[in-house]
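The values are calculated or read from the model by the stated rules, or taken from the named source; none is laboratory data. Values in this document were obtained by computation on a predicted structure and should not be read as measured data. Note that we place each Cβ from the backbone using ideal geometry, even for glycine, and neighbour counts take in every protein chain shown. For accessibility, only protein heavy atoms count, side chains too; no ligands or nucleic acids. Shrake-Rupley method; radii C 1.70, N 1.55, O 1.52, S 1.80 Å.
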Amino acid sequence: MRVKIENLSKSYFGLSWKMENVFLEIPEGKVTAVVGPSGCGKTTLLRLLAGLEFPDQGNIFFDEKNVTSLSAEKREVGLVFQNEALFSHLTVFENVAFGLKMKQDKNIVAKTKSALVLVHLLGLDNRSVIQLSGGEKKRVALARALAVQPKLLLLDEPLNGLDAGLKEKIKELLKELWKKTKLGLIWVAHDLDDVFYLADWVIVMNDGKIEQAGSPIDLFLKPKNEFVKNFFAQYQLIQAKSLLENGKSVIQGTIRLNTVSEKGTPYINVKKTNYKFLPDA
Amino acid sequence: MGKNYDFWIIPKVFLILFFLTFFVYPLALLMVYSLQVQPDALVQFFNLIFSSKYLLVNSFFQASVSTLGAVLVGIPVAFVIARRNFPFKQAVKSLFLIPFVFPSILVVISFILVFGNNGWINQFLQNSFGFQVPVNFLYGFQGIILAHIFYNFPLVAKFVSTAWESSDKTMKEAAQTLGANRIQTFFSITVFQLLPSILASASLVFIYSFMSFAIVLSFGGIQFSTFEVEIFRQIVQNLNLGTASLLAVFQFFVLVLVSGVYFYFSKKFIIFEKPNSEKPKNINLLSAQGIVEVSILLLAILLVVFPFLSLILFAVTDPNTGAFTLKAFEKIFFAQQSSLAGTTPVLAIGYTLFFALAASVLAVFLGLLAVLNQTKTRFTSLIVSGSLAVSTITLGFGYLLGFGSGFFWLIILGHAVFVFPFSFRLLQNAISKIDPDELAAARVLGANRWRVLKFIQWPLMKKSVLVSLAFGFAVSLGELGFVLLMYDGIYPTMSVYVYRMLSHFDLGAAAGMGVVLIALSFFCFYFIEKHSSKVQVF
């Protein structure tokens, strides 16, 4: 589903920034990352897309359909909340089945089970969601959003609050899910660290404005302004080579950092997941 | 905003119209009335408050001493509850909820039975120590204070122990690492952690004692009177509405000031989740401190339990033989006596249940409308805070001026108005605990407003609704002043019956009806208690 935002404005009482005249196109079937400092309006953008907030002016289109005044229950998008927002009085199964129940779906049990299978949670059906661990809660939230088979899935900082090991697991799960479903994904994160491996398209926001939108490479190589340049200055994009080593595929690149000279052997710490393949230009 | 919000304008308008008609209008009428009084009413007003009955001094002095007493009893109890483990702790904590649902007229009877001139203590003094003249524990200032302390110390204990339980341990530890000893730590850290809760509960106790009706009416006699009781007397006995209106308006403004103090401190008294709170210790029975702690606990339990135990005991004991009897209940359920303008005690029970049920249902309905409106209305919070400054007699007076008397629905409406702040707060607590993202999640998954209400909000609020129903029922059950003012001899309630029997010195009938009233109050108490762990009652 293609998302188009036209001339969108939204202001809040008591907030210094306002979202003004935002134009944006989010490509279909891709993973779009929305990044920017805290309080820049990323979550607001997500809530506007989900129909939980309504713009002061402007329009939102899903494909060619104007959904601006459509309320949340009619938008048919999936949203994974930052704090999961699981229904605390319901079990895992009831949580995941909720959306199907609202739709009066005829295959609630089968569809719920398959959503639970998708996130590797089958067997925890009757557990109360209060008893779950952080990672399990995140999986339930994902399954709940996916069960109704939305055309667009919105993720609000899905890795927030998870410890490092868990983060990598959920990252793998998300990659797996996306490969299976190929549904459009809009992923809000406060920096590129967590999203880079999956993102096809990146939107950089600041103070309610879209600073730049483009492919990750474009943002690194051709930042439109100082803000985007500074935002990416903390990362280093390295072009690497694909190799086959003992029958296993590896990538190899060279990292160069400007440092202060110190004694001893220097080491660089790189996360294993922080790589991605892009089509040849 | 989307079009689906428009529906909520209807309950909003209904709520506003309801309170404009049954809260603001009667009060406004009363104010206007007080501005048009004759000069002699004004003279009598000044005479009452400054010289003949010293209303001003008496009311303030009575409320201040009651408050001080409740705080002095309440704080040690709060300490033991918050800082010590003991057997049946949960049961004892719920025991302290009893005074909240205990009708004040029952406090009056049970105090007469224990402290009265023929009461247990005086009989004991006469039989064992040869006292010739009974000691007057009850009639006058001292009895009022005693009853108010019984009534209000649990409130202080509840507020302060909650603050104490959740007070941040690390602050104390920081003080200790900086060299403060236990006493210095208490006075430099703990006191300030508790102060908002102490001041908030104290100002609430002050307000309740200031507007106390049944207790002052029964124990104060002719000499000792407060605003609330004097307003009632001026209306009912002297038919002097002018002076009564001046007294009511004066009292209203005093209470506005005090409730301002309450709201100021209760805002500072916010209970946070307790990540760094201290675990309670066991009581060390071998130390002097441990013995003091146990004594505090036992005395507090005794203070809460003895009134209704004495009442039940009296009701089932034959005064002459001391044997078990059910005569008191025969009087209630089978006697043909119609001492209340043609109505029977059974009818009084019927009226009471009907009023209580209707008032609590109405109050919960209004409370639900108010909290489900989501948009924070200034109007609702104004009503909730304003109602603290409006006594039952004041509102009843306004109703008399606005709607006349003798209509049963006025009693229901009035009680619903009194109960509304409680149900609103209970339901508000429940709804504010619901994560707004949970509601948003339900909507994103395709639930419309009704389904969000049905599947998410209602299951999470059900218990609070039950508790507010029970709470409202209990408040209406025990309320005396408003019904006395409005009932006009036609619709007596159980409280009115007990009051009338007391003034006819028929302690037996009063106690019999009292036990029925206790049973009903306990029914409510059971409901509240059963869910109180899940529901934030205060």
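Gain in length, residue A:70 to residue A:163, computed as 0.36 nm per residue apart minus the alpha-carbon separation, to one decimal in nm?
Working it through step by step, the gained length comes to 29.8 nm.
What quantity of accessible surface, computed with a 1.4 Å probe and excluding non-protein components, is buried in total between chains A and B, in Å² to the nearest 100?
Buried: approximately 2000 Å² between B and A.
Whole number in Å², please: accessible area per residue of chain B, 1.4 Å probe, ligands, DNA and RNA not counted.
That works out to 44 Å² for each residue.
Leaving ligands and nucleic acids out of the surface, order A:255, B:207 by accessible area at 1.4 Å, largest first.
Putting A:255, B:207 in descending order of accessible area: A:255, B:207.
Which value, to two decimals, describes the C-alpha radius of gyration of chain B once divided by 2.2 N^0.38 Å?
Here the answer is 1.02, to two decimals.
Counting only protein chains, not ligands or nucleic acids, how are B:501, A:1 ordered by accessible area (probe 1.4 Å), most first?
Final ranking, largest accessible area leading: A:1, B:501.
Return the percentage of antiparallel bridges among DSSP beta bridges fully within chain A, rounded to the nearest 5 %.
About 60 percent, rounded to the nearest 5.
Which value results when the Cα radius of gyration for the protein assembly as shown is divided by 2.2 N^0.38 Å?
Computed over Cα atoms of the protein assembly as shown, the ratio equals 1.20.
Using Cα-Cα distances under 8 Å and only pairs 6 or more residues apart, what relative contact order does chain B have, in percent?
22 percent.
Counting heavy atoms of the protein chains only and a 1.4 Å probe, report the per residue accessible area for chain A as a whole number of Å².
Value for chain A: 54 Å² per residue.
In nm, to one decimal, how far is the residue B:325 label point from the residue A:107 one, both placed 7 Å along Cα→Cβ?
It works out to 7.9 nm between the two label points.
Considering only DSSP beta bridges whose two residues both sit in the protein assembly as shown, what percent are antiparallel, to the nearest 5?
60
In debye, nearest 20: dipole of the stretch B:45-315 around its Cα centre with unit charges on the Cβ of K, R (+) and D, E (-)?
Here the stretch B:45-315 has a charge dipole of around 500 debye.
For the stretch B:281-431, take the alpha-carbon Rg, divide it by the Kirkwood Rh, and send me Rg/Rh.
Using Cα coordinates only, the ratio equals 1.13.
If I take every Cα pair under 8 Å that is 6 or more residues apart in chain A, average their sequence separation and divide by the length, what percent do I get for the relative contact order?
Computed value for chain A: 22 percent relative contact order.
Could you give the length gained on full extension between residue B:21 and residue B:285, defined as 0.36 nm per residue of separation minus the Cα-Cα distance, in nm?
Working it through step by step, the gained length comes to 89.2 nm.
Order of B:448-460, B:234-246, B:138-150 by packing, highest average Cβ count within 10 Å first?
Taking the mean over residues of other Cβ atoms within 10 Å, the ranking is B:138-150, B:234-246, B:448-460.
Relative contact order (percent) for the stretch B:45-315, with alpha-carbon contacts under 8 angstrom and 6 or more residues of separation?
It comes to 32 percent, rounded to a whole number.
Please state the charge dipole magnitude for chain B, taken about the Cα centre, from unit charges on C-beta atoms (+1 on K and R, -1 on D and E), reported in debye and rounded to the nearest 20.
Charge dipole of chain B: 1460 debye, to the nearest 20.
Averaged across A:89-101, how many Cβ atoms of other chains sit within 10 Å of each residue's Cβ atom?
3
Using a 1.4 Å probe and ignoring any ligands, DNA or RNA, find the accessible area of residue B:530 and quote it in Å² to the nearest 10.
120
Please say if the stretch B:105-198 is rounded, prolate or oblate, where rounded means a/c under 1.5 for a ≥ b ≥ c the square roots of the C-alpha gyration tensor eigenvalues, and otherwise the choice is prolate for a/b larger than b/c and oblate otherwise?
Prolate shape, in that a/c is at least 1.5 and a/b is the bigger ratio.
Using only atoms on other chains, find how many Cβ atoms lie within 10 Å of each Cβ of peptide A:147-156 and report the average.
For peptide A:147-156, the averaged partner shielding equals 1.
For a quick protection proxy, order the peptides B:502-511, A:64-73 by their average other-Cβ count within 10 Å, most packed first.
Ranking the peptides B:502-511, A:64-73 by packing returns B:502-511, A:64-73.
Sorted by packing (mean other beta-carbon atoms within 10 Å per residue), highest first, where do A:150-162, B:40-52 land?
The peptides rank, most packed first, as A:150-162, B:40-52.
Can you give me the solvent accessible area of residue A:89 with a 1.4 Å probe, rounded to the nearest 10 Å²?
Residue A:89 exposes around 60 Å² with every protein chain in place.
For the stretch B:428-503, how big is Rg over Rh, using alpha carbon atoms and the Kirkwood form of Rh?
With Rg and the Kirkwood Rh in hand, the quotient comes to 1.32.
Give, to the nearest whole percent, the P(r) tail of the stretch B:45-315 beyond 31 angstrom, counting all Cα pairs.
When all Cα pairs of the stretch B:45-315 are counted, 37 percent exceed 31 Å.
What does the accessible area of residue A:209 come to, in Å² to the nearest 10, when a probe of 1.4 Å is used?
100
If you split all Cα-Cα distances of the stretch A:159-270 into 10 Å bins from zero, what percentages do you get per bin, shortest first?
10, 32, 38, 17, 3, 0
For chain A, state the average projected area of the convex hull of the C-alpha atoms over all orientations, rounded to one decimal in nm².
19.0
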